[in-house]
Amino acid sequence: MAERLISQWISFGSIALATGMAGATVAAANAAETYPSGVVTVVTHSSPGGGSDVFWREMIPHLQPHLGGKLIVQNVTGGSGAKAVATVADATPDGSMFYATTPTYIYTSLLANPTKTYKDLEPLVNLFYDPEVIYTAANSKFSDLKSVIAEAKSGRGKWGAANPASLEREALEEIKAATGANASIVTFEGGGDMLLNVLNGSLDIGVGEVEEIRSQLDAKKLRVLAVIGDNRLDLLPDVPTAKEEGVDVSVVKFRGLAGPKNLPPEVISAWEKAAQELVADPDYKKIYEANNLQPGYIAHDRYVKFIDDFAQKTEGFLKESGVVK
Amino acid sequence: MDLSYLTQLLLTTPVVPAAFGGIVWGILGGALPGISPSISMALLLPFTYGMHPSAAVVLLGATYFGAEYGGSIPAILIRTPGTNSAAATLIDGYAMNQQGRAGEALGISLMSGIVGGTVGLVMLVALTEPLSQVALAFRPSSYFALGILGLSVIASLAGDSLLKGLMAGVLGLMIATIGSDPVTGGGRFIFGNADLLSGIPPIIVMVGLYAVTELITDRGTGVQERADQSKARIVFPNAAMWKRIAMPQAIGSVVGLVEGCTPGAGGTVAAFLAYSEARRWSRRKEEFGHGSPEGVAAPEAANTATSKTALIPMLSLGIPGSNSAAILLGGFLIQGLIPGPMLFVQHANIVFDLYVGLAVSIVALLIVGYLIMPPCIWLVNRPKPYLSAAIYALVLSGAYAIGNSLFQVSLVLAFGALGFVMKYLRMPVLPMVLGVVLGFMVESNFRRALVLSGGDLTAFVHDPISAGLLSVSALFILSSAVGRFRKRASVSGKVTT
């Protein structure tokens, strides 16, 4: 229930302000020779205080000096991201408005068939990855991913993912298929509900971002068993990747930007430059490393293909699991 | 945390203004039907970035409290629930208003809010650690059983016809199935409309069924008639009234405590459960629905208690007990504080400041709530045509604000028309509202529990909480069925003799 209500939250103030300001700056941006000369709006489907919202609001003071112009965050919630996608897809492609990408917009596009989908947006650049990890209760009997899989093979595993249509669910389904384990994959309406069921032992394991379970990790209530990515994490150097444990599965939760179709080349090059500088910025590096984000710069050309590949893989997964036809 | 720290906190940091500011803003936001407690808080979030950390979290906490109370004002005065949970207060609150007892209803609502808030805060301060275990004890099967307990009330609330009550309840459950499938994530009954992907918000249904239906029904009344004759004065409960509402307030506080501790249920479920439990245990059951002060006291105590107890799992486990608590969690994150087991170790002073601020906010609610009442009552005593036009504007703009789309506006009007038809058919709307509020919780947790158990239905018996709640529900349904049967037997007996 929480998740569906969360998607109804809106922020009138910022919307009214942002649409007004964005409208006024379109003309200015066209007239100016260098980009960006006015307000650049980053539209997020996240509600104020949500994951993407906090990420962008923290990042903007550091990104601002590298890009120039005036960056603001606008929360367009509703329809699990469909509204935010539609807002940006209909905007003028002059670099004044972008959508903050996460895997959510691909899932919503595929599941709900909204009028504007990920295909109506042009991926700009990627900035970061959020590593996904598999964790278990501190007092559980599982010592590593192998023991979890072994348990699922001999009996029945109980694995939890925060949301039914999510990267986390996809990761678990892939592990299940790759290992031939017999596991029930239980989905919730957000990470909190699932976390409780890992803590109280209803679930063998849960999957999520490190940041979501930081407090529980510090308090030693949870243990991380494996990273579902290509590399180990700096924060948890002893935790192996799933591949090292013999499970050939790796997923990336990406955080980047996409704009309306036909972005001008000067906008793209300005962002590619700023994005690389941002990721290398020593001040910001301290912050994002503390938040367990991995730098994941992807240039425009490759990002278009990256998103396309991701969408195709996801569509295949959704069809295989019978969610969409 | 000695006395000098406390004085210093109250005098040198902006905690007191934050508590008062949060209460004022919360009451305003709560009173507007499009702005839920969580939205009221979310709107403040951007302003908390540069704020003193303690003041920021107190501001948000006080807003939550104020908004949970504020929702009851339009519910009592103009039959428009300002928040989801206020729809429970509305039933008897508006009935009291129609009897010219608006001031009394508002007084009971305010005092019950103070009582609920105080009990909730005491529990939060004294018992956070043990109560966080309640959250851990609840499994999907337990949530399912809790939802069933809520729905079992339909049997006793159905009014003159059990059949009509059940029909309305099922209709509500059907509405709750619109949106994303809780297990597969695919869209259900959304017809390619992205607005429906996250389901129909309960507030849309409630505002439609209550406020719009009333406006449609009202269109026939003459211009000369006054909306009501309520005096523009808030009436605080006297000793006799306190005695009467003590029990429902206690019921409300306990229900609010449990609902706050268990993430996912929230203030709305608490308010409706408290309403029905208060009715169940009341000596004057027949007054419920016709202006019972107990029917105002119980849900108000429950939802304001929830506004405090929802912070228990949020602070101790980092898991918010409601949507609004999730926004408060966002407020903590903005300040660089991570709620969860380590918060009490690393930032005990912030937690202490929050507790102090929440205590101040209870005093603030008493003062602001008292001062805000006369203008509110004066406003609704304006000539009917102006009042009706203003309510239409409030309801429709509120509906638009919920999703920034005209689609929600047409939904509200459609539910208003449905409510009118139901009124004509003498079909009770409360079961339908309960179905909408509880439907998703019941369905998703039922299916989740079955996925977890591998399809084994005995999971609901093996979980002691689920087994207990389900047996209680069965008992209630049975006793209400027997009661109905006896009543009918005695009525037909009278006819024959």
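The values are calculated or read from the model by the stated rules, or taken from the named source; none is laboratory data. This structure is a prediction, so every number in the text was calculated from the model and none was measured. Cβ atoms come from the backbone with ideal geometry, glycine included; neighbour counts cover every protein chain shown. In case anyone asks, the SASA skips ligands and DNA or RNA and just uses the protein heavy atoms, side chains included. Shrake-Rupley method; radii C 1.70, N 1.55, O 1.52, S 1.80 Å.
Name the residues whose placed amide hydrogens come within less than 5 Å of the amide hydrogen of A:LEU225, ignoring near sequence neighbours (fewer than 5 apart) on the same chain.
Under 5 Å from the amide H of A:LEU225 lie the amide H atoms of A:ILE134, A:TYR135, A:THR136, each far enough along the sequence or on another chain.
Quick one: which residues, 5 or more positions from A:THR77 or on another chain, have an amide H under 5 Å from its amide H? H modelled 1.01 Å from N in the peptide plane, none for Pro or chain starts.
Long-range HN contacts for A:THR77: A:SER11.
For the protein assembly as shown, what does the accessible surface come to per residue with a 1.4 Å probe? Please give it in Å².
37 Å²
Could you tell me which helices of chain B pass both thresholds, a Cα extent of 20 Å or more along their own axis and a mean Kyte-Doolittle hydropathy of at least 0.0, with helices taken as whole DSSP H runs?
B:15-31, B:53-70, B:102-137, B:162-176, B:239-261, B:266-281, B:348-380, B:384-403, B:406-424, B:430-453, B:464-496
What angle do you read, to the nearest 10 degrees and between 0 and 90, between the alpha-carbon axis of helix A:103-112 and the longest principal axis of chain A?
90 degrees
Can you compute the charge dipole magnitude of the protein assembly as shown about its Cα centre, using +1 on each Lys and Arg Cβ and -1 on each Asp and Glu Cβ, nothing else charged? Give it in debye, rounded to the nearest 20.
3240 debye
How large is the charge dipole for region A:132-227, taken about the Cα centre, if only the Cβ atoms of Lys, Arg (+1) and Asp, Glu (-1) carry charge, to the nearest 20 debye?
Taking the Cα centre of region A:132-227 as origin, the dipole is about 520 debye.
Output the relative contact order of region A:132-227, whole-number percent, from Cα pairs under 8 angstrom with separation of 6+ residues.
46 percent
Using a simple charge model, +1 on the beta-carbon of Lys and Arg, -1 on the beta-carbon of Asp and Glu, nothing else, what dipole does chain A show about its Cα centre, in debye to the nearest 20? Provide the component values of the computation, followed by the final result.
Details: 30 positive and 40 negative charges, 134 e Å.
The calculation lands at about 640 debye.
Relative contact order of chain B, please, whole-number percent, based on alpha carbon pairs below 8 angstrom and at least 6 residues apart.
That works out to 27 percent.
Computed from the mean reciprocal separation of all distinct C-alpha pairs, what Kirkwood hydrodynamic radius does the protein assembly as shown have, in Å?
Value: 27.4 Å, from the Cα pair sum.
May I ask you to list the lysines whose Cα is less than 21 Å away from that of A:LYS273, ignoring any residue fewer than eight positions away on the same chain?
A:LYS70, A:LYS261, A:LYS285, A:LYS286, A:LYS305
Below 12 angstrom from the Cβ of A:ASP130, what's the summed charge of the other residues (Lys, Arg +1; Asp, Glu -1)?
Values: positive: A:LYS253, A:ARG255; negative: A:GLU132, A:GLU168, A:GLU209, A:GLU211, A:GLU212.
Local net charge: -3.
In Å², rounded to the nearest 100, what is the total accessible surface buried by chains B and A against each other with a 1.4 Å probe? Intermediate values should be presented prior to the final figure.
Values: alone 20780 and 14310 Å², together 30480 Å².
Separately minus together, B and A give about 4600 Å² buried.
Nearest-5 percent of antiparallel DSSP beta bridges in the protein assembly as shown?
So the antiparallel bridges amount to about 60 percent of the total.
Please list log₁₀ I(q)/I(0) at q = 0.13 Å⁻¹ for region A:132-227, using the Debye equation with identical point scatterers on the alpha-carbon positions.
-0.36
Along the charge dipole of region B:3-496, which of B:ALA246, B:ILE350, B:LEU196 sits closest to the positive end, that is, farthest toward it, with unit charges on the beta carbon of Lys, Arg, Asp and Glu (+1, +1, -1, -1)?
It is B:ALA246, whose Cα lies furthest towards the positive end.
In degrees, nearest 10, range 0 to 90: what is the angle between the Cα axis of helix A:145-154 and the longest Cα principal axis of chain A?
Helix A:145-154 sits at roughly 60 degrees to that axis.
Putting +1 on Lys and Arg Cβ atoms and -1 on Asp and Glu Cβ atoms, find which of B:SER4, B:THR80, A:GLY316 reaches farthest to the positive end of the dipole of the protein assembly as shown.
Positive-end residue among those listed: B:THR80.
Amide H of A:LYS70: which non-local residues (sequence gap of 5 or more, or other chain) have their own amide H closer than 5 Å, using H built in the peptide plane?
The answer is A:GLY38, A:VAL39, A:VAL40.
Please work out the C-alpha center-to-center distance from region A:182-238 to region A:142-162 and express it in whole Å.
13 Å
Projected onto the charge dipole of chain A (+1 at Lys/Arg Cβ, -1 at Asp/Glu Cβ, origin at the Cα centre), which of A:ALA183, A:TYR118, A:THR241 gives the Cα projection farthest towards the positive end?
Among A:ALA183, A:TYR118, A:THR241, the one farthest towards the positive end of the dipole of chain A is A:ALA183.
Just by accessible area at a 1.4 angstrom probe, what is the order of A:LYS220, A:LYS146, A:LYS176, B:LYS384 from largest to smallest?
Numbers: A:LYS220 155, A:LYS146 110, A:LYS176 65, B:LYS384 35 Å².
Result of the area sort, largest leading: A:LYS220, A:LYS146, A:LYS176, B:LYS384.
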